[in-house]
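First up is the structure itself, then whatever we jot down about it.
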Amino acid sequence: MRILILGKDYSARNFFNLFKKDKNNIIFSNIPTLENYINFENTKDILDFCEANEINLVLITDIDLINQGIQEAISSINIYAFAPSIDAIGICSSKSYAKKFMHKNKILTPKFFIAEKPQMALDYFKSTTTPQAIKPDSNSYQECPCFCETYSNAQKTIQQLFSSGNKRIVIEDYVEGKNISLWTISNGYSAKIIGSSAKYQNNIALFNPDFINEELKEKLYNEAIMPTINALCSQDEEYIGILGFDFIITKENQAYLIGYNHFFDDLNVDFYTKGFDCDWIEIFDSTITGDIFQKYDIKPCDDYMLSIRQNNKIHFISAKTKNNLEKYLIELDFELKEYKEAQKIWKY
């Protein structure tokens, strides 16, 4: 199999390293530090390379390239490209578009306001009575939401976001609860949940925590996941690919959808490249051709997995029990304080 990976993030690197384990695969990428690096100047370069090198599959993790229509361009020369279309990606690339999409399709999300000017944002903040999450419109892991309770903090955050190039920002009611993600794979008409995880301060992610039971999964599937897939279909914007759903779950088990992700993020990708024993190349192929749900039952090897970000590195641990996770953390000389703080939030 000859594969091209377009993306320079941690997820792209992980899949490059996974695919190259099979000596029958030849893997190319646009990551300068990896072997078989190819520098592409434009879309034509990519298409010419794919045809000349008889590429079988292109995995696109770069959301900017997806927004440029790379998926459509590659598909037009009869090469499989695993990524959502430029029409479907809007819910992942723009928080303001995603919030309006949720509201329109009656998917429960916290009350929000979209501001296109700093003064609009400040005026709205002054009118609120609850803490607010102030977010950039772009879905960038470099710009995280800021939770503001005072006017001075909000003013500083708003000015910083607009000064850094954001043309609009989203202000959202703060909802107290657990931040969880459900990861799905969609063939455009249906979706399958392949994993769930909880995050803490973008530094720790726990795969399959106890509070994600089957009843809650079914609730989220029926009230958020399939309404999203169906709404996109009704707009002729079928979503084909990995689609992540970020939720806040309250103590009362109320689920608020707060955002979408177009591919595994850096704290979750290790779960799928290291914790699953499956052929992702075959899975990507079958997703594109539409028969993924007839062929594969995608399950993890271990019940519990943990990703921890320390000193700009991400460490991955898997275990059969939660107690073993903590044991392995101690053996590896990890600082347990933050993990203990995360546990307090993950458990009520």
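The values are calculated or read from the model by the stated rules, or taken from the named source; none is laboratory data. What you are looking at is a predicted structure, and each value in this text was computed from that prediction instead of being measured. Positions of Cβ are generated from backbone atoms using ideal geometry, with glycine treated the same way; all protein chains shown enter the neighbour counts.
Just one of Ile86, Ile91 is crowded, with 21+ Cβ neighbours inside 10 Å, of a type in the set (Val, Ile, Thr) and either at pLDDT below 95 or out of contact with any His (no Cβ under 6 Å at 6 or more places or on another chain) (or both); which is it?
Working: Ile86 fails: crowded, with 21+ Cβ neighbours inside 10 Å.
Sole residue among the options that is crowded, with 21+ Cβ neighbours inside 10 Å, of a type in the set (Val, Ile, Thr) and either at pLDDT below 95 or out of contact with any His (no Cβ under 6 Å at 6 or more places or on another chain) (or both): Ile91.
Which numbered condition in (1) assigned to a helix (DSSP H, G or I); (2) surrounded by 14 or more Cβ atoms within 10 Å (Cβ to Cβ) is the only one that Leu306 fails?
Every listed condition holds for Leu306 apart from (1).
Is it fair to say Tyr260 is under 24 Å from Asn105 (Cβ atoms) and among the aromatic types (Phe, Trp, Tyr)?
On the way: under 24 Å from Asn105 (Cβ atoms): yes; among the aromatic types (Phe, Trp, Tyr): yes.
Yes.
This table checks each residue for (1) within 21 Å of Ile89 (Cβ to Cβ); (2) out of contact with any Phe, Trp or Tyr (no Cβ under 7 Å at 6 or more places or on another chain); (3) not aromatic (Phe, Trp, Tyr).
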site: Lys178; (1), (2), (3): no, no, yes
site: Gly259; (1), (2), (3): yes, yes, yes
site: Phe264; (1), (2), (3): yes, no, no
site: Asn268; (1), (2), (3): yes, no, yes
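So is Tyr37 without any contact (Cβ under 8 Å) to a residue 12 or more places away in the chain, farther than 20 Å from Asp270 by Cα and within 20 Å of the chain's Cα centre (by Cα) or not?
Details: without any contact (Cβ under 8 Å) to a residue 12 or more places away in the chain: yes; farther than 20 Å from Asp270 by Cα: yes; within 20 Å of the chain's Cα centre (by Cα): no.
No: the conditions fail for Tyr37.
Which one of Ile249, Ile242 is of a type in the set (A, V, I, L, M) and within 19 Å of Asn139 (Cα to Cα)?
When all the criteria are applied, what remains is Ile242.
When you look at Ile330, is it surrounded by fewer than 18 Cβ atoms within 10 Å (Cβ to Cβ), assigned to a helix (DSSP H, G or I) and β-branched (Val, Ile, Thr), yes or no?
Numbers: surrounded by fewer than 18 Cβ atoms within 10 Å (Cβ to Cβ): yes; assigned to a helix (DSSP H, G or I): yes; β-branched (Val, Ile, Thr): yes.
So Ile330 passes the test.
Kindly list the number of the only condition in (1) in a helix (DSSP H, G or I); (2) under 23 Å from Ser93 (Cα atoms); (3) touching a Phe, Trp or Tyr at 6+ places or on another chain (Cβ under 7 Å) that fails for Tyr221.
Tyr221 satisfies every listed condition except (3).
Out of all the residues in region 239-256, which are under 25 Å from Ile292 (Cβ atoms) and part of a strand (DSSP E or B)? So that I can check it myself, show each step before the final result.
Filtering region 239-256 down to residues under 25 Å from Ile292 (Cβ atoms) leaves 239-247.
Matches in region 239-256: Ile240, Gly241, Ile242, Leu243, Gly244, Phe245, Asp246, Phe247.
Within region 26-40, identify whether any single residue is polar (S, T, N, Q), in contact with a Gly (Cβ under 7 Å, 6 or more places away or on another chain) and not assigned by TED's automatic domain parsing to the domain that holds Leu220, and answer yes or no.
Looking for residues that are polar (S, T, N, Q), in contact with a Gly (Cβ under 7 Å, 6 or more places away or on another chain) and not assigned by TED's automatic domain parsing to the domain that holds Leu220, one finds none in region 26-40, hence no.
Going residue by residue through region 216-236, is there one that turns out to be in the same structural domain as Ile330 (by TED's automatic domain parsing), touching a helix residue (DSSP H, G or I) at 6+ places or on another chain (Cβ under 6 Å) and crowded, with 19+ Cβ neighbours inside 10 Å?
There is no residue in region 216-236 that is in the same structural domain as Ile330 (by TED's automatic domain parsing), touching a helix residue (DSSP H, G or I) at 6+ places or on another chain (Cβ under 6 Å) and crowded, with 19+ Cβ neighbours inside 10 Å.
For the list (1) in contact (Cβ under 8 Å) with a residue 40 or more places away in the chain; (2) crowded, with 16+ Cβ neighbours inside 10 Å; (3) aliphatic (A, V, I, L, M), I need the number of the one condition that Leu108 fails.
(2)
Show me the strands (runs of 3 or more DSSP E) entirely contained within region 123-202 in which 3 or more residues are modelled with pLDDT of 90 or more.
132-136, 169-173, 178-187, 191-200
When region 257-267 is examined, which residues are found to be part of a loop (DSSP other than H, G, I, E, B) and buried (at least 23 other Cβ atoms within 10 Å of the Cβ)?
Once the filter is applied, which keeps residues that are part of a loop (DSSP other than H, G, I, E, B) and buried (at least 23 other Cβ atoms within 10 Å of the Cβ), region 257-267 yields His262, Phe263, Phe264, Leu267.
Can we say Asp236 is in contact (Cβ under 8 Å) with a residue 40 or more places away in the chain, more than 13 Å from the chain's Cα centre (by Cα), farther than 27 Å from Ile169 by Cα and in a loop (DSSP other than H, G, I, E, B)?
Yes.
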